[in-house]
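Right, one structure below, let's go through it.
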Amino acid sequence: MLGDILQQLSTLTLSIKHSCRLPRLSGFLPSSLPSPSPTVAASQVPGLFREPYILSGYRPVHQDWRCYFLSLFQRHNESLNVWTHLLAAPVLLIRWWANVGSLGYSFDAASLPLSVFLASSFTYLFFSVAAHLLQSHSEHAHYLFFFLDYVGVAVYQYGCSLGHYFYTSESAWRDSFVGALFLPGALFFGWFSCAGCCFAKYRYRRPYPLGRKICQVIPTALAYLLDISPVVHRLVTASWTQEPSLPFHALQIASFLLSALFFSCPIPERFFPGRCDFVGQGHQIFHLFLSLCTVFQLEALFQDYARRRDGVVEVFGERQLWLACVSILALFLCCILTAFITMKHMNKKLQERDK
């Protein structure tokens, strides 16, 4: 059914081309738009773009950039990777407005972590959509957009940690060794996960060895274990009957663990090569569970915010709230710098190979 829907969406590119001929739109849109080329088999694209057990549905490289933007409405093997995160953004907005209406919200120091969490969620969703939509243009584009994708993941990790620290954590956990080092640790591990993923992408070629997964998974796992520690402490020590946020926190952990499973293992396509080319890939399922994780996080953090907003500034101080939240800009800049430095070395490697 999803395949049929995507096939119908592909007709929108033709509609756009026809609309360009209408007099009223002629001054705003180009007279003609390129049509994305039909998808091809794995053997017809460079090895960098081939995914294990995905045998068809690849977009040819070196098309006009507009073809890749218009491939948003084309049926290819990245379509659901794009749409799962593209549709997650309006879902988050809908849930945001619903919670604002029912639980209340005012933009002040107490609400900063919640606002930063939402912004970080949109950041990772945007970079992920850009990576999966545009990476097929060339090897250079593939590396650049996925390096930026890792930046988005690092920013999202830190946005989650802010919400967990200021709204979810208990005083007993904050007084512990982990709690005392949590915020600077979250900053460091956010950057470390970005750097590890960038290095793994730069260093290893297909077929990827185990070392690539280690470079990706270990830094990200360490970041997650730290970020989720105040949530786990609360799940263990608080009463679930009196805390409406705890079921949502449990669901966000379950969703993340399932997403990690499908990210790490090429299932189910490993058992059905060629049968999951368009629908059912492990990475698509990973995207779906990660989107659900973000939605559950938003629900849980809004519940925690509503319960604790009157005492947040008193407990943490306005200065710490602002400093912790503004620090996400420093993380973003450090990760962007790391991505572009890695991209500079990647360009040199590609140029040397092509000589």
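FYI, it's all coordinate maths here, none of it is from the lab. Since this is a predicted model, take the numbers as computed values, not measurements. Glycine gets a Cβ as well: all are built from the backbone with ideal geometry, and neighbour counts include every protein chain shown.
Close amide H pairs (under 5 Å, H built 1.01 Å from N) link Glu78 with no residue at least 5 positions away or on another chain. Between Leu261 and Asn347, the C-beta separation translates, for a Förster distance of 30 Å, into a calculated FRET efficiency of about 0.30. Rounded to the nearest Hz, the phi-derived 3J(HN,Hα) couplings of the stretch 169-185 under the Karplus curve 6.51 cos²θ - 1.76 cosθ + 1.60 (θ = phi - 60°) are 5, 9, 4, 5, 5, 5, 7, 7, 4, 5, x, 5, 9, 4, 5, x, x, where x marks glycine and proline. By the beta-carbon count within 10 Å of each Cβ, the least crowded to most crowded order of Tyr150, Tyr204, fewest first, is Tyr204, Tyr150.
Of the peptides 233-242, 151-160, 298-307, 186-195, the ranking by mean beta-carbon count within 10 Å, highest at the top, reads 151-160, 186-195, 298-307, 233-242. Rounded to whole numbers, the Karplus 3J(HN,Hα) couplings from phi for the stretch 320-336 are 5, 4, 5, 5, 5, 6, 5, 4, 5, 5, 5, 4, 4, 5, 5, 5, 4 Hz, using 6.51 cos²θ - 1.76 cosθ + 1.60 with θ = phi - 60°, and x at Gly and Pro.
Counting charges near His137 (Lys, Arg +1; Asp, Glu -1) among other residues having Cβ under 10 Å from its Cβ returns a value of -1. What number, rounded to the nearest 500 deg cm²/dmol, is the helix-based mean residue ellipticity at 222 nm of the chain, given -39500 (n - 2.57) per DSSP H run of at least four residues and division by all its residues? Roughly -23500 deg cm²/dmol at 222 nm, from the helical runs in the chain.
All alpha carbon pair distances within the chain were sorted into 20 Å bins beginning at 0; the resulting P(r) in whole percents reads 27, 53, 19, 0.
Among residues other than Ser176 with Cβ under 14 Å from its Cβ, the summed charge is 0 (Lys and Arg +1, Asp and Glu -1).
Report the local net charge at Cys198: Lys and Arg +1, Asp and Glu -1, summed over other residues whose C-beta lies under 14 Å from its C-beta. Intermediate values should be presented prior to the final figure.
Numbers: positive: Lys201, Arg203, Arg212, Lys344, Lys349; negative: Asp149.
It works out to a net charge of +4.
Total lysine pairs in the chain at Cα distances under 22 Å, for residues eight or more apart or on different chains: 7.
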